[in-house]
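One structure is given here, and the rest of the page talks about it.
Since every read-out is calculated from the coordinates, none of them should be taken as a lab result. The structure displayed is predicted, hence computed values, not measured ones. For neighbour counting, all protein chains shown are included, and Cβ atoms are generated from backbone atoms with ideal geometry for every residue, glycine included.
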Amino acid sequence: MSAYLIAGTDVGVGKTHVVCALLRDLVQRGISCMGCKPVSCGDRKEVRAMREAAGAPMLNLEAINPLYLRTAADPRVGAEFERTAVDVEALVASVQALQGEYQTVLVEGTGSWETPLGPGCTMAALAGALQLPVLLVVSNRQGAVSHAVMTVRAIRACGLECRGLILNQQQEEWDTAAVTNRAMLEEYTGVPVLAELILGEDEMDSAVVLA
């Protein structure tokens, strides 16, 4: 059995897109798998997409998204508005329950590495409690190298392994940054780019990325 945390250098970098692409490939290989998002805010479309990609459209959403906050904001703000709290231990237990049911579990982080979850608590605290190897999704645009370097340092500061980077092209035009980012990312982070997605591509080789 294996599990990975899919983190992002920022919001909107394509974490769910990557999770779904990996799940579809795992399903094709006959590997029982599931994606989960311990905390979601605003809506559950990303959680539903993961459920579909894993071939389990009828699975109870609470099993893969135990904390759903309707407020479209950082989890701390949403939790305060909705008079609830983010219970890290309960979230870890929900992920561990999935690990007992599936060969591979892909856990999608909420927002970026330091997205606030509660007073004095960010996504980094949940990552540290999960103790999973990290795959970092990086949007292939100007500024990607700086964001990735800072995030990889933060991951290591938590005592976690950043297993690899996934570079996601989210725009049609390829500027100088998009062309040169891959080599720069590997040089400055010391972490390999395991996959590079171009705009519109939704297939990934899970055997390479999750090796």
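Tabulated data for the structure shown
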item: Highest-MSF residue in the chain out of ALA72, ALA21, ALA154 [GNM, Cα springs under 10 Å]; result: ALA72
item: Additional length obtainable on full extension of the chain from CYS121 to ILE31, 0.36 nm per residue less Cα span; result: 29.0 nm
item: Nonlocal amide H pairs with ALA3, under 5 Å, H built at 1.01 Å; result: VAL105
item: Rough spin-label spacing in nm, given labels placed 7 Å along Cα→Cβ, for ILE198 and TRP174; result: 0.7
item: Interatomic Cα distance distribution for the chain, bins of 10 angstrom, percent; result: 9, 37, 38, 16, 1
item: DSSP-defined beta bridges in the chain - what % are antiparallel, rounded to 5; result: 5
item: Separation of alpha-carbon centers, the range 1-72 and the range 113-172, rounded to whole Å; result: 17
item: With at most 15 other Cβ atoms within 10 Å, longest stretch of the chain clear of loop trypsin sites (Lys or Arg not before Pro) (DSSP); result: 84-211
item: Gain upon complete extension [GLU82, GLN142; 0.36 nm per residue less C-alpha separation]; result: 17.9 nm
item: Taking MET58, MET123, MET150 and counting other C-beta atoms within 10 Å, the order from fewest to most; result: MET58, MET150, MET123
item: Extension gain from CYS158 to MET184, taking 0.36 nm per residue of separation minus the Cα-Cα distance; result: 7.0 nm
item: Three-way shape label, the range 126-211, alpha-carbon gyration tensor, a/c 1.5; result: oblate
item: Under 15 Å, Cβ to Cβ, from ASN181 - net charge with Lys/Arg +1 and Asp/Glu -1; result: -4
item: Residue among GLU89, GLU46, GLU108 with the largest mean-square fluctuation in a Gaussian network model of the chain, springs linking Cα atoms under 10 Å; result: GLU89
item: 12 Å beta-carbon shell around LYS45, net charge (K/R +1, D/E -1); result: +1
